[in-house]
1. In the list 75, 33, which residue meets the criterion of being touching a Ser or Thr at 6+ places or on another chain (Cβ under 8 Å), part of a loop (DSSP other than H, G, I, E, B) and outside the structural domain of residue 124 (by TED's automatic domain parsing)?
2. Return yes or no: is residue 184 within 21 Å of the chain's Cα centre (by Cα) and surrounded by fewer than 12 Cβ atoms within 10 Å (Cβ to Cβ)?
3. Pick out the one residue from 70, 97, 65 that is under 30 Å from residue 143 (Cβ atoms), surrounded by 16 or more Cβ atoms within 10 Å (Cβ to Cβ) and not acidic (Asp, Glu).
4. Over 20 Å from the mean Cα position of the chain (by Cα), farther than 19 Å from residue 230 by Cβ and assigned by TED's automatic domain parsing to the domain that holds residue 39 - does that describe any residue in region 82-98?
5. Would region 195-205 turn up any residue that is hydrophobic (A, V, I, L, M, F, W, C) and in a loop (DSSP other than H, G, I, E, B)?
6. Checking the condition small (Gly, Ala, Ser) and either over 18 Å from residue 17 (Cβ atoms) or surrounded by 14 or more Cβ atoms within 10 Å (Cβ to Cβ) (or both), which residue from 145, 103 passes?
7. With the requirement that a residue be among the aliphatic types (A, V, I, L, M) and modelled with pLDDT under 90, what does region 1-49 give you?
8. Could you list all residues from region 22-42 that are out of contact with any Leu (no Cβ under 8 Å at 6 or more places or on another chain) and free of Cβ contacts under 8 Å to residues at least 60 places away in the same chain?
Amino acid sequence: MTGRTNSINSIIIVGGGASGVVLAAHLLKSPNPDLRVTLIEKRPHFGQGIAYSTLLSAHVLNVGAAGMSAYADDPGNFWRWLLERGLATPEQAPVYAPRSLYARYLKELLDDLETRERETGRLRLIREESLSISPTASGVEVALANGTSVVAHLAVLATGHDEQPAQGHAIRMGSEADTALDPDSRIVVLGTGLSMVDAFLSLEQRGHRGDIIAVSRRGLLPSPHRKGNPIKLD
């Protein structure tokens, strides 16, 4: 977070993925009628980022639905959302929902915010790439790729993970560089964590037939969740 002011009435969130959308939702719970939140996202859709832009149903959340609410003071929000739409039943708990469903949940959350704040003008959505942030006498100025800029008292960086690989030899699954591969080619996956599982599932869904080799410095694999019996407290 960057900026300097004694009276904070305007905030720019650079990055409109899950963190940016959830932060906007929390900020707009403020009763301050003068508060203005600007959400900037370079991707076509808000609330997705890298993690939730996948359409593969096998790409699921690694946290149960009961722990994925957008609101800390309403921990059952996402779970109720699934139940109300018939996307889960109480008997299925714990449910590890597809990440594409979570993207839909965040989209509806943002749609509700837009509808609620349409008359007040407290929320502004900008689909554009942010190039730089500069301090000003009253706060910050964010320069956009289209040649315009946005000013506010504070800027919050919620840019998520870098989609560009550290070396030119590797490709991140789901990025623009992730083009079609020979289905019989041998593929090396760097790492054996949850991203490796995502990569394998993506390749499997594409019908890949070649060897897939996962390389790890520590030789560890992700552990499955165990079904717990939480203790209910008064």
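1. Working: 33 fails: outside the structural domain of residue 124 (by TED's automatic domain parsing).
Of 75, 33, the one residue that is touching a Ser or Thr at 6+ places or on another chain (Cβ under 8 Å), part of a loop (DSSP other than H, G, I, E, B) and outside the structural domain of residue 124 (by TED's automatic domain parsing) is 75.
2. On the way: within 21 Å of the chain's Cα centre (by Cα): no; surrounded by fewer than 12 Cβ atoms within 10 Å (Cβ to Cβ): yes.
Here the answer is no, as residue 184 does not meet what is asked.
3. Working: 97 fails: under 30 Å from residue 143 (Cβ atoms); 65 fails: under 30 Å from residue 143 (Cβ atoms).
That would be 70, the only listed residue that is under 30 Å from residue 143 (Cβ atoms), surrounded by 16 or more Cβ atoms within 10 Å (Cβ to Cβ) and not acidic (Asp, Glu).
4. First pass over region 82-98, keeping only residues over 20 Å from the mean Cα position of the chain (by Cα): 83-94.
Of the ones still in play, those that are also farther than 19 Å from residue 230 by Cβ are 84-87.
In the following step, the residues that additionally are assigned by TED's automatic domain parsing to the domain that holds residue 39 were identified as none.
Within region 82-98, not a single residue is over 20 Å from the mean Cα position of the chain (by Cα), farther than 19 Å from residue 230 by Cβ and assigned by TED's automatic domain parsing to the domain that holds residue 39.
5. no
6. 103
7. Our first condition is that a residue be among the aliphatic types (A, V, I, L, M); within region 1-49, this holds for 1, 8, 11-14, 18, 21-25, 27-28, 35, 37, 39-40.
The answer is 1, 8.
8. The answer is 26, 29, 30, 31, 32, 34.
The values are calculated or read from the model by the stated rules, or taken from the named source; none is laboratory data. It should be emphasised that the depicted structure is a prediction, and the values quoted were computed from it without experimental measurement. FYI the Cβ positions are ideal-geometry reconstructions off the backbone, even for glycines, and counts take in every protein chain you see.
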